[in-house]
1. I'd like to know how region 5-70 sits against the 2.2 N^0.38 Å rule of thumb: what's its Cα Rg over that expected value?
2. Run the quick spin-label model on V62 and L29: label points 7 Å from Cα toward the beta carbon, then report their separation in nm to one decimal.
3. Considering only DSSP states other than H, G, I, E and B, which trypsin sites (Lys or Arg not before Pro) in region 1-60 qualify as loop sites with at most 15 other Cβ atoms within 10 Å?
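No value in this document is a laboratory result; all are computed from the given coordinates. If you're wondering where the values come from, they're calculated on a predicted model, not measured in any experiment. Because the Cβ atoms are built from the backbone with ideal geometry, glycine has one as well, and the counts that use them run over all protein chains shown.
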Amino acid sequence: RVDGLDEEIALLRVRLRSALEQRPEDFDLLRDGIALLVRAVSTQYRLSPKARKDLANRMAAVLNSIGDQILPADGGGK
């Protein structure tokens, strides 16, 4: 059982990391997990809409970077 937003955020981070390790090709799952994490962090810190959008953009950039490592732009040498 998780009590409080801090614990919920910690659990979301663990689950997101686990999803990344187990299903790195599932971009929809990763995107949705990141969106949920952004909402939780936004709530925790009462971020403004602009700060929330900036955080979401930064997290999306991280996801894109991970995707580039998994599926290189050059098609994996094809």
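1. Normalised by 2.2 N^0.38 Å, the Cα Rg of region 5-70 equals 1.10.
2. So the label points at V62 and L29 sit 1.8 nm apart.
3. Sparse-neighbourhood loop trypsin sites (Lys or Arg not before Pro): R1, R46.
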